[in-house]
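Please find one structure pasted underneath; my questions will follow.
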Amino acid sequence: GTTADVPSNLLILLDASGSMGWRMSSAQSVMYPMQSTTDSSGNIFVSQYYIYGIKKFTYADKKIDANWGDSGVHKKRSNQCRVYYNYGGIKIHNGIIYAPGYYDSAVRMIRESDGACLGSINVRQYITAFDIHTIGGTAHLFAAGRSGVYTRNLSNNASRTCSHGNNRYLRYTWTMAANGNHLYTYYGNRIARF
């Protein structure tokens with residue numbers, strides 16, 4: 001017979017016990033996670049698709065924090081703090097969770113410590129990408145969409161929308177990062193810098 005040039009090692013692992021198929025269940029589950037962030041203690045906040053809200057998982061025991069929001073979920077169906085299709089991202093700054101809602105064209109502000117609604121920032125455009133970045137010691141919120149980039153100084157709340165001749169790099173991006181004095185977006189296999 002013939003011998004192989006390269007030895008073949010094959011490992012088959014069969015597990016009928018179900019231990020390898022474990023997943024979070026009941027109250028621990030996440031409905032279509034879209035975005036996530038962590039606080040300084042390692043706690044995890046996950047925004048969920050549609051109107052399923054934001055869940056908080058504690059770092060210490062990896063479970064839902066039942067004392068946060070409404071039994072661990074910030075979930076509002078129709079008011080100023082509904083997080084509705086959070087495509088853009090979720091950030092924490094100075095004890096506030098900022099979570100944009102695509103169809104509501106607004107960034108929701110939720111207190112990190114207890115999940116209480118602190119209001120909204122009306123961006124007036126569908127938000128496809130989102131970031132908070134510090135420039136010269138001052139934090140700025142950036143929200144991209146078809147009209148350009150909405151920016152807000154989080155110290156004095158001064159805001160404006162900056163448009164660009166080719167806004168498809170903003171309208172169709174699903175991610176954005178700020179670094180130094182530039183914003184970077186991704187669209188059509190290209191990274192654009194603003």
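The values are calculated or read from the model by the stated rules, or taken from the named source; none is laboratory data. Just so you know, these numbers come straight off a predicted model, no measurement behind them. Cβ atoms come from the backbone with ideal geometry, glycine included; neighbour counts cover every protein chain shown. Note: areas computed on protein heavy atoms with side chains; ligands, DNA, RNA excluded. Shrake-Rupley method; radii C 1.70, N 1.55, O 1.52, S 1.80 Å.
How many Å² of accessible area per residue for region 31-93, probe 1.4 Å? Numbers along the way, then the final one.
Details: 3340 Å² over 63 residues.
Counting only protein heavy atoms, the per-residue value for region 31-93 is 53 Å².
Now a separate question. Just add up the charged neighbours of N67: K/R +1, D/E -1, any other residue whose Cβ is under 12 Å from the Cβ of N67.
On the way: positive: K56, K63; negative: D65, D70, D114.
Its environment carries a net charge of -1.
Next up: Of all chymotrypsin sites (Phe, Trp or Tyr not before Pro) in region 66-152, which ones are in loop regions per DSSP and have a Cβ with at most 12 other Cβ atoms within 10 Å?
On the way: sites: W68, Y84, Y85, Y87, Y98, Y102, Y103, Y126, F130, F142, Y150; in loops: W68, Y84, Y85, Y87, Y102, Y103, Y126.
Those satisfying the criteria are Y103.
Just to be sure I understand: if I project the alpha-carbon convex hull of region 114-189 onto a plane and average over all orientations, what area do I get in nm²?
Over every viewing direction, the Cα hull of region 114-189 projects on average to 6.0 nm².
Taking K and R as +1 and D and E as -1, what net charge do the other residues with C-beta under 14 Å from the C-beta of A106 add up to? Working shown, then result.
Values: positive: K76, R82, R108, R124, R152; negative: D104.
Taking every other residue near A106 into account, the sum is +4.
What translational D, rounded to a whole number of µm²/s, comes out for region 44-144 from Stokes-Einstein when the hydrodynamic radius is the Kirkwood one over Cα pairs, at 25 °C and 0.890 mPa s?
Details: Rh = 13.6 Å.
Using the Kirkwood radius from Cα pairs, D works out to 181 µm²/s.
Subtracting the Cα-Cα distance from 0.36 nm times the residue separation, let me have the gained length for S36 to N179 in nm, one decimal. Walk me through the numbers on the way to the answer.
Numbers: separation 143, 0.36 × 143 = 51.48 nm, distance 2.00 nm.
Full extension of this stretch gives 49.5 nm more.
First compute the accessible area of region 138-182 with a 1.4 Å probe, then give the percent of it belonging to carbon and sulfur atoms.
Details: 970 of 2420 Å².
C and S fraction of accessible area: 40 percent.
If we sort 38-48, 184-194 on the protection proxy, mean other Cβ atoms within 10 Å, highest first, what's the order? Please report the intermediate quantities before stating the final value.
Values: 38-48: 16.4, 184-194: 13.9.
Packing proxy ranking, top to bottom: 38-48, 184-194.
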